[in-house]
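The values are calculated or read from the model by the stated rules, or taken from the named source; none is laboratory data. Just so you know, these numbers come straight off a predicted model, no measurement behind them. Cβ: placed from backbone, ideal geometry, glycine included. Neighbour counts: every protein chain shown.
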């Protein structure tokens with residue numbers, strides 16, 4: 001039997017932010033009036049959000065100053081001009097050929113599509129059920145802009161209001177293969193998390209699912225939920241949910257990422 005407090009506690013954050021509908025607001029307020037445990041939980045969540053907003057420091061990615069790069073270029077050019085010219089031309093030719101060869105291999109590896117970190121996304125979803133996002137916002141445009149500056153990629157504003165899923169915030173995660181963007185939503189059916197990773201457009205160990213002429217890579221983990229992945233351009237997307245019947249939400253998310 002489902003605990004009557006469980007759906008209420010999922011709505012505490014949007015209730016405090018004033019993001020619920022009128023009926024939902026009355027529903028939560030009535031429950032809080034009669035439930036001391038949920039009032040205590042609401043107070044704890046409010047305190048946590050206040051502390052996060054107060055102490056969270058957003059670290060901007062640093063890049064070398066332009067002046068430093070110019071000075072370095074001058075030094076490199078001067079060094080090249082003063083190198084010994086007594087080397088045989090054949091060594092220079094061989095070096096050039098090797099550079100071209102290895103450079104081509106490196107370029108191919110860098111630009112080849114990688115595997116989306118499905119296992120990492122599923123594990124993160126399971127472990128972060130009670131952890132609030134780093135960047136708290138209900139605005140999809142603000143969340144997308146926050147992630148663009150950290151991934152250096154064009155990130156679409158993904159609005160799932162048509163599916164009654166409300167954005168809670170964004171995170172930037174580090175994996176062994178690179179950075180992973182994350183958006184967390186709250187729907188009537190439960191929590192939904194959307195992950196996306198540049199250049200990671202291959203989905204190993206999945207089965208194909210087609211809905212309304214759209215294809216998804218699916219992996220089910222009984223104790224965690226369902227992963228549904230897709231690629232759009234050079235960006236790989238993965239939606240994770242504990243419900244196995246959220247096809248409307250998945251289609252909504254897929255449409256939001258499609259290039260128009």
- Out of all the residues in region 20-29, which are more than 29 Å from the chain's Cα centre (by Cα) and surrounded by 11 or more Cβ atoms within 10 Å (Cβ to Cβ)? 25, 26, 27, 28, 29
- Only residues that are at pLDDT 90 or above and closer than 16 Å to residue 127 by Cβ: list them for region 173-190, please. 173, 174, 180, 182, 184
- region 182-206: number of residues that are in a strand (DSSP E or B) and more than 15 Å from residue 115 (Cα to Cα): 11
- Message: Given the criteria modelled with pLDDT under 80, exposed (fewer than 14 other Cβ atoms within 10 Å of the Cβ) and within 22 Å of residue 134 (Cβ to Cβ), does residue 49 qualify?
- Response: no
- Applying the selection to region 232-246, what residues are surrounded by fewer than 18 Cβ atoms within 10 Å (Cβ to Cβ) and either under 24 Å from residue 199 (Cα atoms) or over 20 Å from the mean Cα position of the chain (by Cα) (or both)? 232, 233, 234, 244, 245
- Looking only at region 166-183, decide whether some residue is closer than 14 Å to residue 250 by Cα, loosely packed, with under 14 Cβ neighbours inside 10 Å and without any contact (Cβ under 8 Å) to a residue 60 or more places away in the chain. no
